[in-house]
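The values are calculated or read from the model by the stated rules, or taken from the named source; none is laboratory data. Fair warning: this is a prediction, and the values are worked out from it, not measured in the lab. Note that each Cβ is placed from the backbone with ideal geometry, even for glycine, and that neighbours are counted across all protein chains shown.
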Amino acid sequence: MSEKFTIEKDGQIDFYNQFLPRINPTITVDEIIANNNDGVLNGNLIEFKLSVKDLNEVLFQCIKYLSALRIKGTPVPASIVIVDLNSTKSYLYKSENYLEFIEKIYNGGASKNNTGFIGDEPEQIFNYSKSVETENLISVLKENTFTKIHIDENCIVGWAEHYYRIKETARKEDFLGDDKGKHKTIGEIRNPTVFKDYIYAYEGETNVKFNYLMDKLNDTILKKNLGAFYTHPLYAQKAAELVRKAIERVPEGNDYIILDRCAGTGNLESALSDEELKHCIVSTIEYYEYKVLQELIGSKVKAIIPPTETKETFNAGLVNGADALSKEYVENEVVKQYIDNPKCTIILFENPPYAETTSIEHQKSGKGKESSAWKQSYVVTEMKKEVKGTVSNDLGNAFIWSAFKYYLRQNTDSYIVFSPVKYWKAQHLINKKFLDGYAFNRRHFHTNIDACVMCALWSNENSNINEIKINGIDIDEKTNKFRDEIVLPVKQIFNSYSDFYFDKQKYDADKQSSILCNLDGTEYTGNTRRVNPVVNENIIGYLAVYSSGFDNPDLHSSLLTCGRYDGNGFYLRKTNYLEKLPMFAASRYITYNREWTERARIMKSADKAETFFADAKNGKLNNFFLKCLLFTCIEMQNHCRSFTGSDGRFYRNELCLDTTNGETVASKDIKNLKANETEKKILDLYKTLLSHVKETKEYNSELTYGIYQIFAEIDTSFTDEITGKTVYNNIQVHSDLQAMKELCKNYYNSEIVPVLFEYEFLK
């Protein structure tokens, strides 16, 4: 190897061509240089120079590369091999000797600002123009050992992602450990097993140091913005079946592409055959995912956007040119050449980020504005010109809308998409022909929520259907196999409660007030006031029931003594409150029906309002209204309280059965209930509960107590310092409340729910 090189790349390739056949002939140069350096070969980081002018500078450059590997969660090679191409010399260093530098963070290019570093003498120097030394160098390059690193806040996310790729069903506590949960877990970082050769056991007293990173690992905003939802392999396989149905629709003589604009690390593509992959065009906006995507399927797919990495590719952790909501992406020449070709059929295949970033989970995190930056994108701006209302608040909808707007053109084009059914069921974002689909349990997408996610195959043909059927499939986590399929109907909804059922009348006798309530029924003292508070002898509460779905059931349903500070409801009146209570009852459905098939599939509607009003008028629903009243009086989400307001006025809870201080509106009306045995049992238990409440020191005889006020003010507890267990101060009260909770659930599902579905309060 005596050739003198003028281009470093040429020498690099020549070196690998010489040594790889002796080390591992199955490895390609592209595989070796996948981490944006000159190459990692087994346990060796290799850095090439035409001629080495300063070993210390080059060594420091290599240390920066190893720092980057550590941060990404990639094992740190034990050896650093610096190759001087034109002198045919290589210099061996052991990375463990520079661990303190490897575990630092460096900004800017690795090749810059390296002067001043002083390293040790090389462990060995090889002149690989000589046979003996060549053999010695080959021996080094065959070694597959790594330097253990310490886990800290800079690298924990990278190592966590590495861990989840290896152990697909792992939960966060499996990696970090959980010393606060019901079952204590020693995580991978404290007792390395998967990474035993790569990391030292974390010995920090607590995981407090990682709090914000723990949030990042579970950061719903990050996942939703970047499309980083994990797709279970079994679900990916089912989705691939839909892809094959779409391929069957490709007209004879046509070619086809499979476009995935939010491929992540290629979970969906893992279920496709090599032949199907040849038709795939994939992209992801997150840089690290892009690198993984390149490594895993880069050589198998038709195209990746962008096709190769340049200096401009990396942009603050994101990938320039890969933002599917940008005009640049919509007009991308790689994709557009197929869109413009009438002899090419377009198949979109995606699991886009689909959470509504105005939701409470985003607000709680304090990142509502940050997470909504995508709303200023080109696609969303164009979408708002055609789609009105809140539909554009959902990031997933932007993907779905743009799929049909910019990519699907012919009737035989198809879209296979993962998303909650809301976009079709409630928002009517598309009116396309449904060909087939599945319902999957969202829990298996690395979340802790049991909910329905639809994977649907849509044709690009228009259709006016208002009911579809999907095959629901859950996964048995113990066996990692599918449970039995169930057919789940999905019906569109057209009308909301506020359109038909809210009381929007003006009452002349209403007088201005200043009192509003928090969500827990106590007086509100903040500045946000979206309700004009009033008082009236006929007002007995305030009902807020909004949102068609059940994403946040406790937030989206409130029953309060006074107006809710942020509105979204109306005042209940003595004259009409009974016929309004089915709305409150319907809002509690998910509380008592937590099966994954229900959340995100069942929604609230006013689609049978006409029938409901007619039957209410003729008296057919009188007893049902009283059943709803009984349920309301024992339901914990009824947050009506008795209290004296800051205006000096006493606000009494009229929607409870406590008659200690005289009859309430509810106690008077409930006497008309034709009570069955279950209802008699509930009423008797309430009397027992109230008698136990009056025996407590917390009891205030001036108040009229509902279930929630008893829970909040009487059912008090403390933590035993020795055992750490919760001890209830009034055990009989607590026991009664627990018994009532169970009775309430059973009563609700047997007596209330069927009628709610009959009149499509639930649909």
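Looking only at segment 700-716, residues that are surrounded by fewer than 19 Cβ atoms within 10 Å (Cβ to Cβ) and part of a loop (DSSP other than H, G, I, E, B) come to 4 in all. So which residues in segment 440-481 are touching a Cys at 6+ places or on another chain (Cβ under 9 Å) and either under 30 Å from VAL250 (Cβ atoms) or part of a strand (DSSP E or B) (or both), if there are any at all? Within segment 440-481, PHE440, ASN441, ILE470, GLY472 qualify.
When ASN538, ASN552 are checked against the criterion of being over 30 Å from the mean Cα position of the chain (by Cα), over 17 Å from TYR501 (Cα atoms) and surrounded by fewer than 21 Cβ atoms within 10 Å (Cβ to Cβ), ASN538 stands alone in meeting it.
Scanning segment 245-255 for residues that are touching an Asp or Glu at 6+ places or on another chain (Cβ under 9 Å), more than 21 Å from VAL334 (Cβ to Cβ) and part of a helix (DSSP H, G or I) turns up just one, LYS245. Exactly one residue among ASN618, ASN623, ASN593, ASN568 is modelled with pLDDT under 95 and either surrounded by fewer than 18 Cβ atoms within 10 Å (Cβ to Cβ) or assigned by TED's automatic domain parsing to the domain that holds PRO754 (or both), and that residue is ASN568.
No other residue among LEU673, LEU655 is in contact with a helix residue (DSSP H, G or I) (Cβ under 9 Å, 6 or more places away or on another chain), surrounded by fewer than 19 Cβ atoms within 10 Å (Cβ to Cβ), assigned to a loop (DSSP other than H, G, I, E, B) and not basic (Lys, Arg) apart from LEU673. Apart from one condition, ASN448 fits all of (1) at pLDDT 95 or above; (2) within 16 Å of GLU595 (Cα to Cα); the exception is (1).
Criterion first (in a strand (DSSP E or B) and of a type outside the set (Gly, Ala, Ser)) does THR345 satisfy it? Considered against the rule, which asks whether it is in a strand (DSSP E or B) and of a type outside the set (Gly, Ala, Ser), THR345 comes out as yes.
The residue that is surrounded by the fewest Cβ atoms within 10 Å (Cβ to Cβ), counting only those in segment 500-533 that are within 39 Å of the chain's Cα centre (by Cα) and closer than 30 Å to GLU610 by Cβ, is LYS504. Of all the residues in segment 573-615, those that are in a loop (DSSP other than H, G, I, E, B), among the basic types (Lys, Arg) and over 27 Å from VAL487 (Cβ atoms) number 1. When only residues in segment 256-301 that are modelled with pLDDT of 95 or more, assigned to a loop (DSSP other than H, G, I, E, B) and surrounded by fewer than 20 Cβ atoms within 10 Å (Cβ to Cβ) count, which is nearest to the chain's Cα centre (by Cα)? Within segment 256-301, the match that is nearest to the chain's Cα centre (by Cα) is SER273.
Quick grid of which residues meet (1) assigned to a strand (DSSP E or B); (2) hydrophobic (A, V, I, L, M, F, W, C):
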{"site": "GLU537", "(1), (2)": "no, no"}
{"site": "TYR542", "(1), (2)": "yes, no"}
{"site": "SER547", "(1), (2)": "no, no"}
{"site": "PHE550", "(1), (2)": "no, yes"}
{"site": "PRO553", "(1), (2)": "no, no"}
{"site": "LEU559", "(1), (2)": "yes, yes"}
{"site": "ASP566", "(1), (2)": "no, no"}
{"site": "TYR571", "(1), (2)": "yes, no"}
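For segment 22-131, the strands (runs of 3 or more DSSP E) that sit wholly inside it and include 1 or more residues that are touching a Phe, Trp or Tyr at 6+ places or on another chain (Cβ under 6 Å) and surrounded by fewer than 16 Cβ atoms within 10 Å (Cβ to Cβ) are 124-127. No other residue among LEU66, LEU55 is within 40 Å of the chain's Cα centre (by Cα), modelled with pLDDT of 90 or more and of a type in the set (A, V, I, L, M, F, W, C) apart from LEU66.
For segment 680-689, the count of residues that are in a loop (DSSP other than H, G, I, E, B) and modelled with pLDDT of 95 or more is zero.
Restricting attention to segment 489-513, the residues being more than 25 Å from ASN576 (Cβ to Cβ) and either of a type in the set (S, T, N, Q) or part of a loop (DSSP other than H, G, I, E, B) (or both) number 1.
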